[in-house]
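Rule-based calculations on the coordinates, nothing more; no lab input. Note that the coordinates shown come from a computational prediction; the quantities given were computed from them, not determined experimentally. A quick note on method: Cβ atoms are made from the backbone with ideal geometry, for glycine too, and the neighbour counts reach across all protein chains shown.
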Amino acid sequence: MTDDKQSTFLVTHVESESAVLKDVHDGQVHTLSSNPGLDVDDAVEATVAPDPPMEVTYQVIEVADRWPLSIERTEEPPTVQERELAAELSVGELTREPRAGTGEIHVLRPPEDRTDDAVDDVIDDREGTLSRAARLGVNRVEIRSEPGVLSVRYLP
C-alpha cells in the first residue's frame, strides 16, 4: 500500500532546503524535506509521498503542472454585469458566477463605507484567495471595487 497523494497544492513557504505545500482541496499541509525549485504562491499539480521512516515530511514524486499565482487590486471599476449582480444582493451577501471560459467571478455587496475594508480582507486572506485560484485552475486574481460593490475575478 502506498501513501502517495496526488492533488493540487499552493506553495505557502519556501527555503533553500524545504517547502510547505497546502492541499487546496482538503487544506492538509505537507512539509517537504527538499525544495524541488518551487516558489511561494506557485500552484502545483503534484504527487507527494511521506519520507520514511517517520513519515512527518514529504517528497515530491512527480510534478504534472506548475503555474504562478498573483493577486492584483485594479483601479478598473466593476463591470456592468458585476454591478447588476451586486444590486440583487443584500448587504453582506456574496454570489459566484462562472466566467466564459475558465474561472469565476465572486461579487460581494459590502456596506458602502466598508468597501475598502472588504478589499483589504480579500488581499489579507492571501492563502485562501490563492487556494481558490489554484482550485479553479487559474493564475491570477483581479479585485475591482466601488462603494457597495466588490468583485473578485479569478482569471486565466
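Name the residues whose placed amide hydrogens come within less than 5 Å of the amide hydrogen of residue 51, ignoring near sequence neighbours (fewer than 5 apart) on the same chain.
56, 57, 58, 59
Mind pulling the angle between the C-alpha long axis of helix 126-136 and the longest principal axis of the chain? Nearest 10 degrees, somewhere in 0 to 90.
The angle comes out at about 80 degrees.
I need to check one value: relative contact order of region 3-64, counting alpha carbon pairs closer than 8 Å and at least 6 residues apart, in percent.
33 percent
Using θ = phi - 60° and the Karplus curve 6.51 cos²θ - 1.76 cosθ + 1.60, what whole-Hz ³J(HN,Hα) does each residue of region 47-58 get, with Gly and Pro shown as x?
10, 10, 9, x, 7, x, x, 7, 6, 9, 10, 10
Just to confirm the filter: which trypsin sites (Lys or Arg not before Pro) across region 55-156 are DSSP coil and have at most 15 other Cβ within 10 angstrom of their Cβ?
Those that pass, being in a loop and sparsely packed, are 99.
Among 98, 52, 110, whose mean-square fluctuation peaks in a Gaussian network model of the chain (Cα, cutoff 10 Å)?
Evaluated over the chain, the most mobile residue of the options is 52.
Relative contact order for the chain: what is it in percent, counting Cα pairs under 8 Å that are at least 6 residues apart?
21 percent
Go ahead and set up a Gaussian network model of the chain, Cα springs under 10 Å, then flag whichever of 12, 79, 31 fluctuates most.
Top of the fluctuation ranking is 79.
Could you work out the helix-only [θ] at 222 nm for the chain, with each DSSP H run of four or more residues adding -39,500 (n - 2.57) and the total divided by the number of residues, to the nearest 500 deg cm²/dmol?
Rounded to the nearest 500, it is -5500 deg cm²/dmol.
Out of these labelled values of Rg and Dmax of the Cα atoms in Å, [x] 20.5, 63; [y] 18.3, 60; [z] 18.0, 57, which was calculated from the coordinates shown here?
[z]
Residue 113: net charge of surrounding residues, Cβ under 15 Å, Lys/Arg +1, Asp/Glu -1, itself excluded?
Charge balance near residue 113 sits at -4.
Mind telling me which of 32, 108, 94 comes out most flexible in a GNM of the chain, alpha-carbon contacts under 10 Å?
94
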